[in-house]
Every structure is written in structure tokens, then in C-alpha cells.
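Heads up, the thing below is written out as C-alpha cells.
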Amino acid sequence: MKKRIGYLLGIIAIVLAIVFSYQAGKKEVEGNIKTVIGNSVYNVWEGYNSIIEDSNKGLTIDAISKMNERLIYVTAYSNVIDRGTGQTLLQPIASKISNIAKGIEDNYYQDGGVNEQQQEKYKQMIEAIKEVNEQILKVYYIPNSEGTVKLKIENFEELIEINKRLN
């Protein structure tokens with residue numbers, strides 16, 4: 001009888017150890033995911049912010065090429081964020097913005113400059129980027145947390161609207 005109680009207590013101890021180990025591992029994984037998503041959110045915001053800052057310098061081929069390079073990594077980081085949060089929001093927007101920027105670059109090479117229509121597309125794209133950056137701060141960060149990101153995002157309707165407008 002004492003052996004059975006000893007075995008039973010041993011089994012209970014092992015099960016409890018496994019449960020505690022699993023919970024600790026789960027928290028560590030969640031922390032790692034938050035770190036990756038936090039880094040990605042910052043890089044998307046910073047990439048877009050750099051494009052906004054450079055938009056004041058004029059629309060030259062160098063500026064357009066630099067913008068397209070930034071949009072490549074913005075699109076990649078957006079994909080990481082969307083996968084981590086389970087919401088496909090930023091990657092489609094980044095892809096559409098990237099396509100607009102590539103179109104401007106292609107027309108620049110084709111026409112030898114930027115025409116009025118391309119300048120208007122560029123202005124609209126910059127306005128969309130500004131809106132996206134505002135929404136990134138609202139949707140992905142916990143308010144007053146000094147940069148802590150949310151894994152479960154909500155109130156992202158404005159990002160959906162921006163995506164629709166970019167069609």
C-alpha cells in the first residue's frame with residue numbers, strides 16, 4: 001500500500017513538473033514572439049517614416065530607388081507581423097505601396113522623368129504611408145507602455161480601409 005502511494009505521489013510529481021515546464025516554455029515562446037513582432041513593427045514604422053522624411057527632398061530617381069529598396073524590407077517585416085498576429089493587414093498594404101512605387105520608377109525610366117500623373121500618385125502614396133504609420137502606433141502598440149506590442153490586435157478597421165483605397 002505504501003509503495004502504491006509512493007508511486008502515485010511520484011507520478012503526480014512528474015505530471016506537475018511537466019505542466020510547469022510546459023507553462024514556462026509557453027511563456028518563453030510568447031516572449032520571443034513579442035520580441036520578433038515588436039522588432040518587425042518598429043522596422044515597418046521606421047521604414048515608412050524614412051520614406052515620409054525623404055519625400056520632402058524631391059522626386060529624383062535616386063530617391064525613388066531608395067524608396068523601393070526600403071519598401072522591400074517593409075513588405076518582408078509586414079509579412080512577419082501579419083503571420084505573428086494572425087491578421088493579414090500590413091503585408092497587402094506594403095505590397096500595394098511597393099507596386100505604386102515600382103510603377104513610378106518604371107515610368108521615370110520610360111519617360112525620362114516624372115509626369116504630373118506620377119507626381120499625384122506619389123503624393124497619394126505618401127499620404128497613405130502617413131496614415132498607415134499612425135495606425136501602426138494605435139493598433140500594434142499598447143498605449144503608454146513604451147513600445148510593448150500586442151499579439152492580439154483589434155480596432156484595425158482603418159487599416160482595412162487604407163488597403164481598399166490603394167486598389
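Condition check ((1) in contact with a His (Cβ under 8 Å, 6 or more places away or on another chain); (2) part of a helix (DSSP H, G or I); (3) free of Cβ contacts under 8 Å to residues at least 12 places away in the same chain) across all residues:
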{"site": "Q110", "(1), (2), (3)": "no, yes, yes"}
{"site": "Q117", "(1), (2), (3)": "no, yes, yes"}
{"site": "I129", "(1), (2), (3)": "no, yes, no"}
{"site": "V132", "(1), (2), (3)": "no, yes, no"}
{"site": "I136", "(1), (2), (3)": "no, yes, no"}
{"site": "E146", "(1), (2), (3)": "no, no, yes"}
{"site": "K164", "(1), (2), (3)": "no, yes, yes"}
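Which of the residues spanning region 148-162 are surrounded by 11 or more Cβ atoms within 10 Å (Cβ to Cβ) and in a loop (DSSP other than H, G, I, E, B)? Across region 148-162, the qualifying residues are T148, K150, L151, I153, F156. Only one entry in I52, I97, I33, I81 is farther than 18 Å from T148 by Cα and either crowded, with 19+ Cβ neighbours inside 10 Å or at pLDDT below 95 (or both), namely I97.
Before we move on, is V74 free of Cβ contacts under 8 Å to residues at least 60 places away in the same chain, within 16 Å of E46 (Cβ to Cβ) and out of contact with any Phe, Trp or Tyr (no Cβ under 9 Å at 6 or more places or on another chain)? No; evaluated as a whole, the condition is false for this residue.
For Q91, indicate whether it is over 20 Å from E158 (Cβ atoms), touching a helix residue (DSSP H, G or I) at 6+ places or on another chain (Cβ under 9 Å) and in a helix (DSSP H, G or I). No.
The values are calculated or read from the model by the stated rules, or taken from the named source; none is laboratory data. Values in this document were obtained by computation on a predicted structure and should not be read as measured data. Please note: Cβ atoms are built from the backbone with ideal geometry, for glycine as well, and neighbour counts cover all protein chains shown.
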